[in-house]
Amino acid sequence: PGPPSAPRPGVILILFSIVGLTAGVFAAFVSESLQDTLTTSEDVQGALLLPLLGTVPSFLSAPDPEAPGLLAPPDGEPDGSPTQDCPTPQLQPANPARRLIVAAGSREPVSEALRTLRASILLSSADHPPRVVMVSSATQGEGKTTIVSNLAAILAQGAYKVVIIDADLRLAGLTAIFTEKEPSPSVGLTDLLTGQTALDQVLRPTPVPGLEIIPAGNHAPDPAELLGSQRMRDLVQGLTKRYDFVLIDSPPILPVADTLMLSRVVDSVVMVVRSTHTDRKQAQEARRRLLAVHARILGVVLNDLDLSQHRASAGGYSGY
């Protein structure tokens, strides 16, 4: 014969193109099945069947240099600790990495996302917005404390009087953000609920005008019992007479029962899920537990979204 009988490059190319395409599609499906985390806003709404209140882009790794946080550490103090000349009421953050990112007048994506979250809460009810809001998450490390502190700050910027309660009596992460030293201050929510001190002695001012906090206080032997007590109900009711909004930073839902007890004394609950971090089944279980105790879930906040990979899920902040 004139042409050689083998090899046949055309047939080999077509055959292995089909094999390679099939293997790639199979590998993609396997990777999708193994990666069972909530990543985009579509994932969150499809898995939890709850309204999406807002999407907060990732900001801890690369904050906007033109929009410093309200609690940025002073010049010459990289560790964020206050100077001796700093007045006592003007609290400074103990951890500069966990700071308030909102800044008045800023138009960068994170601040706009937080303003969208504020608007979603204010417009969530036809009659009046919920005034006592608890922010929680399925597990630890999803950013609930960061969200609740920034939400409180941006509400205060809207001329509202706001107080945050650090009800995570086991870790007191919110207290660590606003207080001068770690561990937490000597008195706080635990001491207030056990009758050891008065409300005015545990309220602490912050650098944000119109925003005060109630720190966690001393260690509690049984936090769930304290948070579900009648004293806690009376405290929340009393705070609504002094403040426009009462925000509560609660423990994670799955590890402990504290959040389920707290859900009975608040108007609504906001769930925080972290992009590419929150497990789908854990988030669904957290939602199921809240609904089982008849908690009113206001919606979900998708936190720490990588805009470079999922820009469409953020609503196109950068292109506006």
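The values are calculated or read from the model by the stated rules, or taken from the named source; none is laboratory data. For clarity, every value in this text was computed on a predicted model and none was experimentally measured. Neighbour counts run over all protein chains shown; Cβ positions are idealised from the backbone, glycine included. Ligands, DNA and RNA are excluded from the accessible area calculation, which covers all protein heavy atoms including side chains. Shrake-Rupley method; radii C 1.70, N 1.55, O 1.52, S 1.80 Å.
Some points to look at:
- What the Cβ-Cβ distance of Val30 and Gln237 gives, at R0 = 56 Å and to the nearest 0.05, is a FRET efficiency of 0.60.
- Environment charge of Gly210, counting only residues whose C-beta is closer than 11 Å and scoring Lys/Arg +1, Asp/Glu -1: -1
- Cα centroid separation, the stretch 239-277 to the stretch 152-228: 14 Å.
- Put simply, the convex hull of the Cα atoms in the stretch 167-308 casts, on average, a shadow of 9.8 nm².
- Each 10 Å bin from 0 upward holds the following percent of the Cα-Cα pairs of the stretch 118-184: 18, 48, 28, 6, 0.
- Summed over the residues of the stretch 194-320 and divided among them, the accessible surface reaches 46 Å² per residue at a probe radius of 1.4 Å.
- Most to least accessible of Val187, Val246 (protein chains only, probe 1.4 Å): Val187, Val246
- Accessible heavy-atom area order of Arg242, Arg233, Arg115, highest first, probe of 1.4 Å: Arg242, Arg233, Arg115
- The accessible surface of the stretch 184-250, taken with every protein chain in place and a 1.4 Å probe, is 46 percent carbon and sulfur.
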